[in-house]
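Below is one structure, written out as structure tokens; the observations come after it.
Just so it is clear, none of the values below were taken in a lab; they were calculated from the coordinates. The shown structure was predicted, so the numbers you read here are calculated from the model rather than taken from an experiment. Ideal geometry is used to build each Cβ from the backbone, glycine not excepted, and the neighbour counts take in all protein chains shown.
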Ligand code: PGA
């Protein structure tokens with residue numbers, strides 16, 4: 001099997017549907033999205049949808065049966081392979097469903113479900129062990145930004161979340177910079193601010209894994225991304241894609257975000 005993580009870098013658009021869409025709605029959303037994207041588009045971008053766990057199997061069957069280029073992602077994974085962890089889903093279970101990307105450490109998980117850098121790190125390692133791509137989320141709160149702690153928070157979350165990961169693996173990762181104050185608020189970071197933090201992320205990864213790794217890793221921006229602001233964000237040198245919440249729920253809008261150059 002081709003190791004996708006070793007192929008040349010394309011931009012990456014990830015739709016995070018959060019706790020929205022039952023499996024029937026998820027099928028429709030994926031179908032509509034793929035109707036709106038062409039082969040030429042996929043030459044430039046990887047497109048991933050992350051439905052809730054309950055819809056993964058349905059979307060997997062759709063993707064495989066209709067040979068869609070849309071790829072499947074999950075919103076979380078537990079670090080143990082199996083066992084007495086009621087309510088959890090493991091990385092190998094997701095891999096078996098054709099899941100290729102797993103969001104790790106989303107701020108909503110940090111905020112509402114006690115996620116820490118240490119648990120993010122365990123999830124990242126489990127996702128890697130199951131040969132999937134971690135999408136590691138980092139970002140500061142409004143208070144931290146106002147206290148000028150953005151740099152320290154982001155670098156700390158990166159180092160904590162990636163601790164002990166073999167640097168040679170990092171090139172295949174995606175890191176999403178999501179300032180907490182910009183998520184679901186309609187208040188996105190300016191392209192300049194987002195680009196500056198993404199540059200900091202690239203420098204941090206370069207320090208950990210070397211120049212080539214720093215160049216290969218995909219750095220996404222997330223937080224109130226929409227069809228109107230994506231072009232400006234993607235014009236920034238260190239932004240290689242987006243993690244899109246609300247705007248990914250409407251297939252027309254998400255397709256417009258994916259085709260950011262159009
Ligand atoms: P938003 O969410 O696009 O609705 O702000 C982004 C995210 O939480 O990943």
Inset, instruction - Just name the residue that is nearest to the chain's Cα centre (by Cα) out of those in segment 122-143 that are assigned to a helix (DSSP H, G or I) and surrounded by fewer than 16 Cβ atoms within 10 Å (Cβ to Cβ). - result: 129
Inset, instruction - Residue by residue through segment 165-179, note down the ones that are touching a residue at least 60 places away in the same chain (Cβ under 8 Å) and part of a loop (DSSP other than H, G, I, E, B). - result: 178
Inset, instruction - Search segment 183-193 for residues being out of contact with any helix residue (DSSP H, G or I) (no Cβ under 6 Å at 6 or more places or on another chain) and under 17 Å from residue 236 (Cβ atoms), and hand back the single one that is farthest from the ligand (Cβ to nearest atom). - result: 192
Legend entry - Sole exception among (1) touching a strand residue (DSSP E or B) at 6+ places or on another chain (Cβ under 9 Å); (2) closer than 17 Å to residue 46 by Cα; (3) not in a loop (DSSP other than H, G, I, E, B) for residue 202, by number: (2)
Legend entry - So residue 220, is it within 15 Å of the ligand (Cβ to nearest atom) and surrounded by fewer than 20 Cβ atoms within 10 Å (Cβ to Cβ): no
Inset, instruction - Would you point out the residue of segment 6-40, among those that are within 16 Å of the ligand (Cβ to nearest atom) and part of a helix (DSSP H, G or I), that is farthest from residue 259 (Cα to Cα)? - result: 29
Inset, instruction - Could you give me the residue pairs with C-beta distances under 7 Å whose first residue belongs to segment 180-194 and is without any contact (Cβ under 8 Å) to a residue 60 or more places away in the chain and under 16 Å from residue 137 (Cβ atoms), whose second residue is in a helix (DSSP H, G or I) and within 9 Å of the ligand (Cβ to nearest atom) wherever it lies, and which are 6+ apart or on separate chains? - result: 188/182; 189/182
Inset, instruction - For segment 205-240, enumerate the residues that are under 21 Å from residue 35 (Cα atoms) and touching a strand residue (DSSP E or B) at 6+ places or on another chain (Cβ under 7 Å). - result: 230
Inset, instruction - Kindly list the number of the only condition in (1) within 21 Å of residue 136 (Cβ to Cβ); (2) in contact (Cβ under 8 Å) with a residue 60 or more places away in the chain; (3) in a helix (DSSP H, G or I) that fails for residue 242. - result: (3)
Legend entry - segment 214-239: number of residues that are closer than 20 Å to residue 142 by Cα, in contact (Cβ under 8 Å) with a residue 60 or more places away in the chain and not in a loop (DSSP other than H, G, I, E, B): 2
Legend entry - Scan of segment 144-182 for residues that are out of contact with any helix residue (DSSP H, G or I) (no Cβ under 8 Å at 6 or more places or on another chain) and surrounded by fewer than 16 Cβ atoms within 10 Å (Cβ to Cβ), ordered by number: 146, 147, 148, 149, 152, 166
Inset, instruction - Look through segment 96-113, keep the residues that are farther than 17 Å from residue 156 by Cα and either without any contact (Cβ under 8 Å) to a residue 24 or more places away in the chain or part of a loop (DSSP other than H, G, I, E, B) (or both), and return whichever of them is farthest from the ligand (Cβ to nearest atom). - result: 96
Inset, instruction - Give the residue that is farthest from residue 45 (Cα to Cα), with candidates limited to residues of segment 245-256 that are in a helix (DSSP H, G or I) and within 9 Å of the ligand (Cβ to nearest atom). - result: 246
